[in-house]
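Participant: Below is the structure I would like to discuss, written out as structure tokens.
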Amino acid sequence: MKIDNSLPLEYSTDQNQLNILGFWIFLGAEIMLFGTLFASYFTLVDRTGAGPAGAEIFEITPVLIETLLLLTSSFTIGLAVHAMRLANKKATMAFIGITLLLGLAFLGVEIYEFVHYVHIGAGLQTSAFTAILLTTLGTHGAHVTFGLFWGTFILLQIKKRGLTPETGNKSFIFSLYWHFLDVVWIFIFSFVYLKGMM
Amino acid sequence: MEFFERFAVPHPSPAIYASMVAIGLTVIAIIAGLTYFKKWGYLWREWLTTVDHKRIAIMYLISALLMLFRGGADAILMRAQLAVPDNKMLDAQHYNEIFTTHGVVMIMFMAMPFVFAFMNYLIPLQIGARDVAFPRLNAISFWLFFAGAMLFNISFVVGGSPDAGWTSYFPLAGNDFSTSVGTNYYMIALQISGLGTLMTGINMITTIFKMRAPGMTLMKMPMFTWSSLIANVIIVFAFPVLTVALAMGTMDRLFGTNFFTTSNGGMDMLWANLFWVWGHPEVYILILPAFGLYSEIIATFSGRNLYGYKSMVASMVLISLLSFLVWTHHFFTMGQGALTNSIFSITTMAIAVPTGVKIFNWLFTLWKGKIRFTVPMLYSLGFIPLFTVGGVTGVMLAMSAADYQYHNTMFLVAHFHNTIIPGVVFAMLAGFTYYWPKMFGFMLNEKIGKWTFWMLTVGFVLAFFPMYISGLDGQARRMYTYSEAAGFSMLNMLSFVGAAVMAFGFVLIVYNIYYSVRYSPRNIGANPWNARSLEWATHTPVPEYNFAITPNVASSEALRDVKNGHDLFPGKYEKIHMPNNSGLPFIMGVIFFVWGFSFVFAMWIPLIIATIGIFACMGYRSAEKDHGRYISVKEIEDTETKLRGA
């Protein structure tokens, strides 16, 4: 394994560079995945059947809290990558830890939101609109959940092995994933919630 | 007993019971054979745990051939049923299941792995790489494909086959009209193998962008690699659409959602749109690598450089863009209105332009060439006129007003078989014959091969050209029988005869393999066809590390340059880094199979356990320390001496 020290840690080996390009291509596929969900959402948004419409069930408070939590976590994962490039193990771990906690809090609020929807009669089976709403949000939420486990694994590996080209590469790729989920959330916030409440 | 009743086949027939017995006996025979010849260890070490792109390619190839016969058996049953009017051989339900599985098996589990076999084998060799970018992921892709394929195939004997057509249109595919678990199999088996396909797409794009040998710019890549690159880009952008559509379909069937139902706001046309937004690019995923193989073969056996390299690349890029803009032409009659239909008519016809460019490029490559009529070349020469007929009828179908006459008739069936068989299947068989010596170290018999080619071509024309006529006369597709008064009897009998001739052709392929294994000479050298590109520059059989010295490439016809004095392998041996084998991909494939099976039958506890198992495998991989291994200079020297001495 040749290590090129003139490059940032996450790019320092050939395999690292392959991993990063491969992950960008994967994110391209993820854009298609969420793009399809959004397209289906816009198709089905007015097809509420006997169930409620978006304006009747959306509440701004939990959504704002979720947005705030997730946007902040995107900032902290950026700080984690910065610390990783400065070879500061402690700070890297701290910022990844904060990111994961913020993600966990986001997930908690989202679960509350889901329970609330089901409680007021907007469950998965109610109408085409509620199905696509919960599926779109749920797919994003499932990605966040997966990210929490993934991030925890990386955190443990950094703790055990330090900042190596491998763990540096992993944390950088994790940050790409986390930023991507944030971008998706911005679309959800704007086009699902805000547009729905207008 | 109540628990087991769900696994019963809802429409049993003697044929299905016979298949159950046959499957059982085959499994017992394989297990007994492996035990008797003490091959379990060999199987595990050399194949199930391999991450070598060449071995994975061969596993794809074997799977594709097996599925070819499974899908072919469906085909011959359908043609036999329709050979005479008012036939009672199959009932409507059984016929529905057979045309559904024929379509899915042939597209997803025959053509796709066939294409992947060549991509896996050839891309690293054509760009001078040691392996693909993510060898472990490559093995996972294969095992996911295999798990999906096996899951789909057991539907036939456990729980019932899907019966809503390979397009699985809702509401027909919904719970109200498809009551067996068959359509669950469709949704979940395609989901699993689709995941594998997506990962292959990511893997191959990364490999082509980052692992080319020194000197090989993008515009110096062999044409098959170019075609694969574009096909893989289409995969990455098309397959997530299928993922979402299948997930919604699964939820409609198992969780009672209303995406595609006709009540509570559901919209059945959303499925048709999503399916074809994936489905139309899918046909280009198959045909572009086929075009790439034809380009390699026609250049070799014309003894000339490929004509119009740049226009070949440009036309493929254009096809890939247009492939995403034509999906509505699959349902012109389903209520879009004249403006939408007109737009999609025009985009569809536009695809004929870049395709025409490619046809002329092949013709100009042949022009003044020293043509050798080998088996791969025969397939390629048969392809050009036959595929053109398929393309012309495609333009006929593209005219939305006229499509009201053709839609859902045998005319359409004739059209798409006319593009897929001479287009994809002939390319796969040509590539199979052409690259067989590189893969296995001996040639397939040319004489038997030529017989095969003529049987397949004559059989194809006999089987499918009559359908154009019966379709225009009004014979609908997917009808299990027709009355004598309809007047389709003669044409359908001709089709049956053609199908039978094709079946003999496919059996001849198996005989050819058997014959060549026994009698074909083994000392054929590295380049038996006198080909021109980089994959032929290494030894036969190809050593594990592909090239002892990373090649220094000057053009897309690297081997041709050597004859003109170019030094393809400068420098001396250095130790080579290779990935380690791993059992994890195979284990994940098995767990995914269990996951899928539990999902099909809505058995939630095994489903949850399997899900945890999948994530446990991923966690294990994440924490695993695996830096691969090195092949020493001494080992390389030994291998090279041995291979050169042969």
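The values are calculated or read from the model by the stated rules, or taken from the named source; none is laboratory data. All of these numbers come straight from a predicted model, not from anything done at the bench. Cβ coordinates were reconstructed from backbone atoms using ideal geometry, including for glycine residues, and neighbour counts include every protein chain displayed. Calculation scope for accessible area: heavy atoms of the full protein, side chains included, ligands and nucleic acids excluded. Shrake-Rupley method; radii C 1.70, N 1.55, O 1.52, S 1.80 Å.
Here is a yes/no grid of residues against (1) within 18 Å of residue B:623 (Cα to Cα); (2) surrounded by 18 or more Cβ atoms within 10 Å (Cβ to Cβ); (3) among the small types (Gly, Ala, Ser):
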position: A:115; (1), (2), (3): no, no, no
position: A:118; (1), (2), (3): no, no, no
position: A:133; (1), (2), (3): no, yes, no
position: A:142; (1), (2), (3): no, no, yes
position: A:171; (1), (2), (3): yes, yes, yes
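Participant: Next question, about the same structure. Within the stretch B:128-180, work out how many residues are outside any loop (DSSP other than H, G, I, E, B) and surrounded by 23 or more Cβ atoms within 10 Å (Cβ to Cβ).
Facilitator: Summing the residues that are outside any loop (DSSP other than H, G, I, E, B) and surrounded by 23 or more Cβ atoms within 10 Å (Cβ to Cβ) in the stretch B:128-180 gives 15.
Participant: Sticking with this one: Of all residues in the stretch A:144-169 being open to solvent by less than 10 Å² (accessible area, probe 1.4 Å) and touching a Gly at 6+ places or on another chain (Cβ under 8 Å), which is nearest to residue A:76 (Cα to Cα)?
Facilitator: A:151
Participant: Which condition does residue A:168 not pass, out of (1) within 26 Å of residue B:248 (Cα to Cα); (2) away from chain B (no Cβ under 11 Å), if it passes all the others?
Facilitator: (1)
Participant: Just to be sure I understand the filter: pairs with C-beta atoms under 6 Å, separated by 6 or more residues or on different chains, first member in the stretch B:192-208 and at the interface with chain A (Cβ under 8 Å from one of its Cβ atoms), second member open to solvent by 10 Å² or more (accessible area, probe 1.4 Å) and outside any helix (DSSP H, G or I). Which pairs pass?
Facilitator: Qualifying pairs under 6 Å: B:203/B:134.
Participant: Confirm whether residue B:255 is assigned by TED's automatic domain parsing to the domain that holds residue B:127, over 19 Å from residue B:142 (Cα atoms), of a type outside the set (A, V, I, L, M) and open to solvent by 10 Å² or more (accessible area, probe 1.4 Å).
Facilitator: Yes, satisfied.
Participant: Any residue that is part of a loop (DSSP other than H, G, I, E, B) and at the interface with chain A (Cβ under 8 Å from one of its Cβ atoms) - is there at least one of those in the stretch B:235-250?
Facilitator: Scanning the stretch B:235-250, I find no residue that is part of a loop (DSSP other than H, G, I, E, B) and at the interface with chain A (Cβ under 8 Å from one of its Cβ atoms), so the answer is no.
Participant: Among the listed residues B:275, B:324, B:373, B:291, which satisfies the condition of being more than 14 Å from chain A (Cβ to nearest Cβ), in a helix (DSSP H, G or I) and not β-branched (Val, Ile, Thr)?
Facilitator: B:291
Participant: Read through the list (1) among the polar types (S, T, N, Q); (2) buried (at least 24 other Cβ atoms within 10 Å of the Cβ); (3) within 14 Å of residue B:242 (Cβ to Cβ), then give the number of the only condition that residue B:183 fails.
Facilitator: That leaves (3) as the condition not met.
Participant: Would you check if there is a residue in the stretch B:498-515 being under 19 Å from residue B:393 (Cβ atoms) and either in the same structural domain as residue B:89 (by TED's automatic domain parsing) or touching a Ser or Thr at 6+ places or on another chain (Cβ under 9 Å) (or both)?
Facilitator: The answer is yes; a qualifying residue exists.
Participant: Only one of these is of a type in the set (A, V, I, L, M, F, W, C), modelled with pLDDT of 90 or more and outside the structural domain of residue B:431 (by TED's automatic domain parsing): B:43, B:68. Name it.
Facilitator: Answer to the selection: B:43.
Participant: Filter the stretch B:474-501 for residues that are more than 15 Å from residue B:417 (Cβ to Cβ) and of a type in the set (Phe, Trp, Tyr) and give the result.
Facilitator: B:480, B:482, B:488
Participant: If I filter the stretch B:462-470 for residues that are of a type outside the set (Ser, Thr, Tyr), surrounded by fewer than 20 Cβ atoms within 10 Å (Cβ to Cβ), free of Cβ contacts under 8 Å to residues at least 40 places away in the same chain and within 24 Å of residue B:373 (Cβ to Cβ), do I get at least one hit? Full working, then the answer.
Facilitator: At the first step, the residues of the stretch B:462-470 found to be of a type outside the set (Ser, Thr, Tyr) are B:462-467, B:469.
If we keep only those that are surrounded by fewer than 20 Cβ atoms within 10 Å (Cβ to Cβ) too, we end up with B:462, B:465, B:469.
Those left that are additionally free of Cβ contacts under 8 Å to residues at least 40 places away in the same chain: B:462, B:469.
Next cut, within 24 Å of residue B:373 (Cβ to Cβ) only: B:462.
There is at least one residue in the stretch B:462-470 that is of a type outside the set (Ser, Thr, Tyr), surrounded by fewer than 20 Cβ atoms within 10 Å (Cβ to Cβ), free of Cβ contacts under 8 Å to residues at least 40 places away in the same chain and within 24 Å of residue B:373 (Cβ to Cβ).
Participant: Can you find, within the stretch A:47-83, the residue that is nearest to the other protein chains (Cβ to nearest Cβ) among those that are open to solvent by 20 Å² or more (accessible area, probe 1.4 Å) and of a type in the set (Val, Ile, Thr)?
Facilitator: Among those that are open to solvent by 20 Å² or more (accessible area, probe 1.4 Å) and of a type in the set (Val, Ile, Thr), it is A:48.
Participant: Given (1) surrounded by fewer than 24 Cβ atoms within 10 Å (Cβ to Cβ); (2) touching a Leu at 6+ places or on another chain (Cβ under 9 Å); (3) small (Gly, Ala, Ser), identify the lone condition not met by residue B:247.
Facilitator: So the condition that residue B:247 fails would be (2).
Participant: Tell me which helices (runs of 4 or more DSSP H) are completely within the stretch B:1-97 and hold 2 or more residues being basic (Lys, Arg) and open to solvent by 40 Å² or more (accessible area, probe 1.4 Å), or say none if there are none.
Facilitator: B:53-82
Participant: Answer yes if at least one residue in the stretch B:563-577 is surrounded by 13 or more Cβ atoms within 10 Å (Cβ to Cβ) and part of a helix (DSSP H, G or I), and no otherwise.
Facilitator: No: zero hits.
Participant: So which of A:109, A:144, A:118 is free of Cβ contacts under 8 Å to residues at least 24 places away in the same chain and part of a helix (DSSP H, G or I)?
Facilitator: Going through A:109, A:144, A:118 in turn, the sole match is A:118.
Participant: I've got another one for you. Considering only residues that are more than 12 Å from chain A (Cβ to nearest Cβ) and over 21 Å from residue B:294 (Cβ atoms), which ones fall in the stretch B:209-234?
Facilitator: B:212, B:213, B:214, B:215, B:216, B:217
Participant: Further question on the same structure: Would you check if there is a residue in the stretch B:286-302 being open to solvent by 20 Å² or more (accessible area, probe 1.4 Å) and not acidic (Asp, Glu)?
Facilitator: Checked the stretch B:286-302: no residue is open to solvent by 20 Å² or more (accessible area, probe 1.4 Å) and not acidic (Asp, Glu).
Participant: On the given criteria, is residue B:549 in contact with a strand residue (DSSP E or B) (Cβ under 6 Å, 6 or more places away or on another chain) and aliphatic (A, V, I, L, M)?
Facilitator: no
Participant: Anything in the stretch A:16-46 that is over 19 Å from the mean Cα position of the chain (by Cα), buried (at least 19 other Cβ atoms within 10 Å of the Cβ) and at the interface with another protein chain (Cβ under 9 Å from one of its Cβ atoms)? List them, or say none.
Facilitator: A:18, A:19, A:40, A:44, listed by residue number.
Participant: Any idea how many residues of the stretch B:577-614 are more than 27 Å from residue B:41 (Cα to Cα) and either in the same structural domain as residue B:137 (by TED's automatic domain parsing) or without any contact (Cβ under 8 Å) to a residue 60 or more places away in the chain (or both)?
Facilitator: Number of matching residues: 10.
Participant: Please determine whether any residue of the stretch B:437-446 is closer than 14 Å to residue B:494 by Cβ, acidic (Asp, Glu) and open to solvent by 10 Å² or more (accessible area, probe 1.4 Å). Before you say what the answer is, go through the steps one by one.
Facilitator: First, the residues of the stretch B:437-446 that are closer than 14 Å to residue B:494 by Cβ: none.
Taking every residue of the stretch B:437-446 in turn, none turns out to be closer than 14 Å to residue B:494 by Cβ, acidic (Asp, Glu) and open to solvent by 10 Å² or more (accessible area, probe 1.4 Å).
Participant: Out of curiosity, is residue B:326 without any contact (Cβ under 8 Å) to a residue 12 or more places away in the chain and not acidic (Asp, Glu)?
Facilitator: For residue B:326, the condition - without any contact (Cβ under 8 Å) to a residue 12 or more places away in the chain and not acidic (Asp, Glu) - is not met.
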